[in-house]
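Visitor: My structure is below; once you've seen it, I'll send some questions.
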Amino acid sequence: MKAPNKVIIQLEHISKTFRTSASLFKKNQKEVIALKQVSLNIYRGEIFGLVGESGSGKTTTGRLIVKLEEPDDGKLLFDGKDITKIKGKALKNFRRKVQMIFQDPYQSLNPYLSVYDSVSEPLVIHNVGNSEIRKDMVRESLNSVGLTPPDDFFYRYPHQMSGGQRQRIAIARAMVLKPEFLVADEPTSMLDASIAIHIFNILSEIQKKLNVTFLFITHSLAAARHLCDRIAVIYKGELVEIGSAEDIIQNPSHPYTQALIDAHPRFRY
Ligand SMILES: Nc1ncnc2c1ncn2[C@@H]1O[C@H](COP(=O)(O)OP(=O)(O)OP(=O)(O)O)[C@@H](O)[C@H]1O
Ligand SMILES: [Mg+2]
C-alpha cells in the first residue's frame, strides 16, 4: 500500500450523461447516464483498479481522466490543480504526462504507420529531441516491452504483427514520453491467457521501473486483486466500494461486489 503518497488524480462529483438522437428532429432522443457523482483519489505510484460489469462506466471514467471526454458536472484535478477546463498549451502539456492504452490496440495505432513512426510520433508532436535522440528513445521503449532487437521491428506495420505484439507497440507508444499516469483499459481482454500474462508482467515491470501511476480497468475482480494496490467497484455509473482488494473481498458492502466474488469461487478459501 502506497496510500500516504501524494494524490495525483482527483475526481470530485463527476457526472456524465450521453445523449444520442435517433433523428435530426431529436425524436427518440435517448439519455444514458454513464457516471453519477463519482469521487475518487488516486495516489502517486499506486496501481489503482476500477472493476465493474459491461456498461458500468469504466471506459468513460478513463477517457474523462485523460481528457478525451468532458464531464457535465464535477471537477478533475491533477497534482492538486483543477484541469477540468484547461485548453491549448496547458492541455498539450497535460497530454504529455498522461496516456491511455485500449482494449483494442488499433484504437491507439494508425494502421498506415510503421512501428517506428507510431512510437516516435508522440516525440515529434511534443518536439522532444532530434532524430538521433528519438531513435534511441524508441529503441528504449521497444526494449521495455520486450520487442528485441528493437531495430527489427522499426519498419513493420500493425497488420504484420500478432495481437500481443500490437498491444506491446501500443504500450511502447504510450510509454515513450515517460508519462506520470497511465490508464490501461482492459489491455488484455482480446488476448490469449498466456499472452495476457506477458502483458501484465510488462506493465508491472514498467510501473516499478518508472514509478508511473496506473489506473487499471477490468471486469475481473480476480485480475484487479492480483495487480492492484487499491480497487474501486463501479456499478451503473456509481462507485459502490473503494479500498484495498483484501478489505473489499473480506467485507463487501454492496450486493454487486458479493456477486463478483461469488463469480470467482476461489475467493472463498
Ligand atoms: N459516446 C457514447 N455515446 C453514447 N453512449 C455512450 C458513449 N460512450 C459510452 N456510452 C454509454 O455509457 C455507458 C457506460 O459506457 P462505458 O463504455 O464507460 O462502459 P464500460 O464499463 O467501459 O463497459 P465495457 O466493459 O463494455 O467496456 C454505457 O451504457 C454506454 O453505452
Ligand atoms: Mg469499456
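Visitor: Quick one: count up the residues across region 153-190 that are of a type in the set (G, A, S), more than 16 Å from ligand 2 (Cβ to nearest atom) and either without any contact (Cβ under 8 Å) to a residue 40 or more places away in the chain or under 10 Å from Q99 (Cα atoms) (or both).
Guide: Residues in region 153-190 being of a type in the set (G, A, S), more than 16 Å from ligand 2 (Cβ to nearest atom) and either without any contact (Cβ under 8 Å) to a residue 40 or more places away in the chain or under 10 Å from Q99 (Cα atoms) (or both): 3 in total.
Visitor: Here are some residues: K208, K236. Which one is of a type in the set (K, R), closer than 23 Å to D262 by Cα and surrounded by fewer than 19 Cβ atoms within 10 Å (Cβ to Cβ)?
Guide: Step by step, each of K208, K236 is checked, and only K236 is of a type in the set (K, R), closer than 23 Å to D262 by Cα and surrounded by fewer than 19 Cβ atoms within 10 Å (Cβ to Cβ).
Visitor: Only one residue in K85, K89, K81, K30 is within 28 Å of Y256 (Cα to Cα), surrounded by fewer than 17 Cβ atoms within 10 Å (Cβ to Cβ), away from ligand 2 (no atom under 16 Å from the Cβ) and without any contact (Cβ under 8 Å) to a residue 24 or more places away in the chain, so which one is that? Can you show your working first?
Guide: On the way: K85 fails: within 28 Å of Y256 (Cα to Cα); K89 fails: within 28 Å of Y256 (Cα to Cα); K81 fails: within 28 Å of Y256 (Cα to Cα).
On inspection, the qualifying residue turns out to be K30.
Visitor: Further, regarding this structure: Kindly provide the set of residues from region 117-137 that are of a type in the set (S, T, N, Q) and under 11 Å from R173 (Cβ atoms), ordered by number.
Guide: Pass one, region 117-137, residues of a type in the set (S, T, N, Q): 118, 120, 127, 130-131.
S118, S120, listed by residue number.
Visitor: What are the residues in region 58-77 that are within 16 Å of ligand 2 (Cβ to nearest atom) and either part of a loop (DSSP other than H, G, I, E, B) or not β-branched (V, I, T) (or both), if any? Let's see the steps before the verdict.
Guide: Filtering region 58-77 for residues within 16 Å of ligand 2 (Cβ to nearest atom) gives 58-66, 68-69.
Correct list: K58, G62, R63, L64, V66, L68, E69.
Visitor: Separate question: Output the residues belonging to region 181-193 that are surrounded by fewer than 20 Cβ atoms within 10 Å (Cβ to Cβ) and within 12 Å of the chain's Cα centre (by Cα).
Guide: So the first thing to find is which residues in region 181-193 are surrounded by fewer than 20 Cβ atoms within 10 Å (Cβ to Cβ), and the list is 186, 189-193.
Within region 181-193, E186 is the sole residue that qualifies.
Visitor: Evaluate the following for L109: is it part of a loop (DSSP other than H, G, I, E, B), free of Cβ contacts under 8 Å to residues at least 60 places away in the same chain and under 16 Å from the mean Cα position of the chain (by Cα)?
Guide: Numbers: part of a loop (DSSP other than H, G, I, E, B): yes; free of Cβ contacts under 8 Å to residues at least 60 places away in the same chain: no; under 16 Å from the mean Cα position of the chain (by Cα): yes.
The answer is no for L109.
Visitor: Please go through region 226-255 and pick out each residue that is within 13 Å of ligand 1 (Cβ to nearest atom) and not in a strand (DSSP E or B).
Guide: Quick first cut of region 226-255, residues within 13 Å of ligand 1 (Cβ to nearest atom) only: 232-239.
Within region 226-255, K236, G237 qualify.
Visitor: I'm told G243 meets every condition in (1) of a type outside the set (S, T, Y); (2) in contact (Cβ under 8 Å) with a residue 24 or more places away in the chain; (3) surrounded by fewer than 21 Cβ atoms within 10 Å (Cβ to Cβ); (4) in contact with a strand residue (DSSP E or B) (Cβ under 9 Å, 6 or more places away or on another chain) except one. Can you identify the failing condition by its number?
Guide: (2)
Visitor: Could you pull out the residue among A223, A174, A196, A184 that is over 17 Å from P105 (Cβ atoms) and either touching a helix residue (DSSP H, G or I) at 6+ places or on another chain (Cβ under 7 Å) or in a helix (DSSP H, G or I) (or both)?
Guide: Values: A174 fails: over 17 Å from P105 (Cβ atoms); A196 fails: over 17 Å from P105 (Cβ atoms); A184 fails: over 17 Å from P105 (Cβ atoms).
A223 is the lone residue from the list that is over 17 Å from P105 (Cβ atoms) and either touching a helix residue (DSSP H, G or I) at 6+ places or on another chain (Cβ under 7 Å) or in a helix (DSSP H, G or I) (or both).
Computed from the coordinates by the stated procedures, all read-outs in this text should not be read as laboratory data. Not measured: the values here are computed from a predicted model. Glycine gets a Cβ as well: all are built from the backbone with ideal geometry, and neighbour counts include every protein chain shown.
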